Amino acid sequence: MSTGTGADSAPGRTSTPTTAAPAGRNSMFSSLNIRNYRLFATGQVVSNTGTWMQRIAQDWLVLSLTGSASAVGITIALQFLPMLAFGLYGGVLADRLPKRPLLIVTQSAMGLTGIALAVLTLAGHVQVWHVYLAAFLLGLITVVDNPARQTFVPEMVGKDQVANAVSLNSANFQSARLVGPAIAGVLITAVGSGWAFLLNGLSFAAPVIGLLLMRTRELHPVAPRPRAKGQLREGLRYVADRPELIWPIALVGFIGTFGFNFPIWLSAFVSDVFHGDAGTYGLFNTLIAAGSLAGALLAARRGHSRLRLLVAAAVLFSALLLVTAFAPSFWLFAALLVPIGVFGLTVNVTANSSVQMATDPEMRGRVMALFMMVFTGGTPLGAPLLGWITDSYGARVGMAAGGLVSLAASLAIALVLARIGNLRLRVNRRGVSFVPAAAPAAARHRELVAVA
């Protein structure tokens, strides 16, 4: 694994637990040798399945109530608006508070929001503003839950298994994405959205139980940071001084804002282009999930994260969005969703593990909060805009617009990273690549070339 400045300073405050995988072991599922991580992963696959059921049911319910792709975009925007507004404060809290008790609270609160929405829907009283409110409350909880969950991974597995565990987390999430939409499609068609909301709320019991059953002596805890002034600014300065952090974060910000608006595009393609139903919508989400799962497992097997892989995956993902937008047939459109899932997930996992490994442990909560803020927090800006474009000019133009912006950002950041790392473009029979032009003069440039 190529590491940045923070990788070698991971905490050594506790002895390595006997259940941990040997250092340096590189297999696709090596993190699952660790008991605490197995409990975490088991709980997450259950709650993630429920989360995907709710996402599909929520999008379809809003579309059914309003008939508008823009309304779906507003729902998504409200869910991610708190991350944009308060995401960095969630990172400060994640650095200040013990992760495990904090996650027990946030996961329980997420379950309650699902149950509340289920009660309203099953009682026949649900209105669009209820869905908007539930999405916003879920977003507020996520502000704290996301950085706490991201930074709890190294505490469970240790620094040698971080990249593998991050990849398996994504595989876990995408496995649930394969099952959740299919179940949601059946439930919506058979009995309505309310049961999907109820099952999602109940599913959060699994991660809470897993967290309670963990052996705390086998964790690698990072001492909570004491409360002090200027911690938010300190985190921003930390990232700004490190190109191996700021440019991957900038890239996923553009991709997250303009490239990951599938609820808007897929619902519009189903209703306006292919004239399908909730089952078709579930199928499209399942195909993206299949590709994403494959991408996550490949990342887990690879065992390293490099900036060149991140940039290449971002370019291919963006180009595929453009091509898929104008696919002339149903089955070609559906088939192209699989590689979109592969490369989209590769962008996410590679950026996540690269940033985590390049960050000092005591700063990880704030850095990962910034990462999640720009990745998901840009949705309140991108979703309504792309929803309006989709409503006004059609699903194909809306999807192509997202792909075009993502592609331009990917190419621009690739050139910036090449310039900073003193790299030059090389084209030969093996393909296109960046190679060192000369020995970089500064230490930071040497680090960036190593990470790339």
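The values are calculated or read from the model by the stated rules, or taken from the named source; none is laboratory data. Computed from a prediction, not measured in an experiment: that's the story for all the values here. All Cβ positions, even for glycine, are placed from backbone atoms using ideal geometry, and neighbour counts span all protein chains on display. Each accessible area value is taken on the protein alone, full model and side chains, heavy atoms only, with ligands, DNA and RNA left out. Shrake-Rupley method; radii C 1.70, N 1.55, O 1.52, S 1.80 Å.
Listing for the model above:
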{"quantity": "With every protein chain in place, the stretch 182-250: carbon and sulfur % of accessible area (1.4 Å)", "calculated": "66"}
{"quantity": "Backbone HN-Hα couplings from phi across the stretch 357-372 [Karplus 6.51/-1.76/1.60, Hz, Gly and Pro as x]", "calculated": "6, 9, 10, 5, x, 6, 9, 5, x, 5, 5, 5, 5, 5, 4, 5"}
{"quantity": "Net lengthening on full extension, residue 306/residue 416 (0.36 nm per residue, minus Cα-Cα)", "calculated": "38.0 nm"}
{"quantity": "Ranked order, 145, 160 - accessible area, probe 1.4 Å, largest first", "calculated": "160, 145"}
{"quantity": "Residues with amide H under 5 Å from that of residue 277, placed H, sequence gap 5 or more", "calculated": "none"}
{"quantity": "Kirkwood Rh and Cα Rg combined as Rg/Rh, the stretch 136-206", "calculated": "1.07"}
{"quantity": "Amide proton proximity set for residue 359, modelled H, under 5 Å, gap of 5+", "calculated": "6, 7"}
{"quantity": "FRET E, pair residue 213, residue 404, Förster distance 41 Å, beta-carbon r, rounded to 0.05", "calculated": "0.30"}
{"quantity": "Inter-label distance, nm, simple model (7 Å from Cα along the C-beta direction), residue 381/residue 329", "calculated": "4.0"}
{"quantity": "HN-Hα J in Hz across the stretch 123-134 - Karplus 6.51, -1.76, 1.60, θ = phi - 60°, x for Gly and Pro", "calculated": "7, x, 10, 5, 10, 4, 5, 5, 5, 4, 5, 4"}
{"quantity": "Whole-Hz ³J(HN,Hα) from phi, Karplus 6.51 cos²θ - 1.76 cosθ + 1.60, for the stretch 311-323, glycine and proline x", "calculated": "5, 4, 5, 5, 5, 5, 4, 5, 5, 5, 4, 5, 5"}
{"quantity": "Per residue value of the accessible surface for the stretch 269-361 (all protein chains in place, 1.4 Å probe), Å²", "calculated": "32"}
{"quantity": "Inter-centroid distance (Cα atoms) of the stretch 130-154 relative to the stretch 234-263, Å", "calculated": "19"}
